[in-house]
Amino acid sequence: MSEPPTTAQDVTRPLTEPVPPADGLRRVVSAVLGDLRAVDGALYAAVAATPTPTLDRALRRLSHTADHSKISLAIAGALALAGSRPRRAALAGVGAIAVASASANLLGKRLVRRDRPDREAARVTVDRHVPMPTSASFPSGHTASAVAFATAVGTVVPAASVPLGALAGAVGYSRIHTGVHYPGDVAAGAVLGIASAATALAVASARFPASYRRR
């Protein structure tokens, strides 16, 4: 008995054939990222749509004042005058800012290249507006630097961890409130800030073991 002739349908992959693991993983990752972007956009829109006239001006000023880490550097200057341990904390904090800023601006933003939010489409009130940066949106450099400074200083001087942590959180939220970042950008900036502080503290401990030993 002769075999039936081979047709084009026989050489194509049947619909029931299992998807290769690599293709399946890519599909899952793509779907998860799509869902996260949807949640991120919804949170941004919710903040934009919530009227907060009492907070608008204060958060706008905070966001603007945090440009170039001016607040953190001013605090570092004050700490440098307060004794040897606060001085070491200030040095660690400034080092953490340097690591965070370089990581966010020279690495993160260039790799991800996420567009900034459409503030006009989201109808962010003009009372909240700060200048829209021209750099990529992900991650938030303001948040990364503020969290890095708070984490590094708070590790050396634990009494400063709560107020500086609250300040860093406010800076991060102000970037969402003013419409220049998505919540996901700020969350990523916070993670980067913690990692930057750990890096700066590790370098300081290796370079000056007696000054930065754990207590």
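Does A49 meet the test of being over 20 Å from S174 (Cα atoms), at pLDDT 95 or above and open to solvent by 40 Å² or more (accessible area, probe 1.4 Å)?
On the way: over 20 Å from S174 (Cα atoms): no; at pLDDT 95 or above: yes; open to solvent by 40 Å² or more (accessible area, probe 1.4 Å): yes.
Here the answer is no, as A49 does not meet what is asked.
Consider the stretch 110-151 and keep the residues that are of a type outside the set (A, V, I, L, M, F, W, C) and in contact with a Phe, Trp or Tyr (Cβ under 7 Å, 6 or more places away or on another chain). The one that is nearest to S196 (Cα to Cα) is S137. Selection of first residues in the stretch 81-108 that are within 20 Å of A187 (Cβ to Cβ) and of second residues that are part of a helix (DSSP H, G or I) and open to solvent by 30 Å² or more (accessible area, probe 1.4 Å), restricted to Cβ pairs under 7 Å at least 6 apart or on distinct chains, gives the following pairs, ordered by first then second residue: A96/T151; V99/T199; A100/L192; S103/L192; A104/L192; G108/L192.
Within the stretch 109-146, if we keep just the residues that are open to solvent by less than 30 Å² (accessible area, probe 1.4 Å) and without any contact (Cβ under 8 Å) to a residue 40 or more places away in the chain, the residue that is nearest to A58 (Cα to Cα) turns out to be A136.
Residue count for the stretch 52-90 under the criterion of being in a helix (DSSP H, G or I) and either surrounded by fewer than 13 Cβ atoms within 10 Å (Cβ to Cβ) or charged (D, E, K, R) (or both): the result is 15. Filter the stretch 157-205 for residues that are assigned to a loop (DSSP other than H, G, I, E, B) and either in contact with a Leu (Cβ under 6 Å, 6 or more places away or on another chain) or open to solvent by 10 Å² or more (accessible area, probe 1.4 Å) (or both); which is nearest to H68 (Cα to Cα)? Ranking the candidates gives Y182 first.
Quick check: anything in the stretch 114-126 outside any loop (DSSP other than H, G, I, E, B) and of a type in the set (K, R)? Within the stretch 114-126 (the criterion being outside any loop (DSSP other than H, G, I, E, B) and of a type in the set (K, R)), the answer is no, since none of the residues qualifies.
Determine which member of the set T155, T125, T134 is among the hydroxyl-bearing types (S, T, Y) and under 20 Å from G169 (Cα atoms). Spell out how you get there, then give the answer.
Values: T125 fails: under 20 Å from G169 (Cα atoms); T134 fails: under 20 Å from G169 (Cα atoms).
Exactly one of T155, T125, T134 is among the hydroxyl-bearing types (S, T, Y) and under 20 Å from G169 (Cα atoms), namely T155.
The values are calculated or read from the model by the stated rules, or taken from the named source; none is laboratory data. Worth saying up front: this structure is predicted, and the values here are computed from it rather than measured. Methodologically, a virtual Cβ is constructed for each residue, glycine included, from the backbone with ideal geometry; neighbour enumeration extends over all protein chains shown. Accessible surface areas use protein heavy atoms only, side chains included; no ligands, DNA or RNA. Shrake-Rupley method; radii C 1.70, N 1.55, O 1.52, S 1.80 Å.
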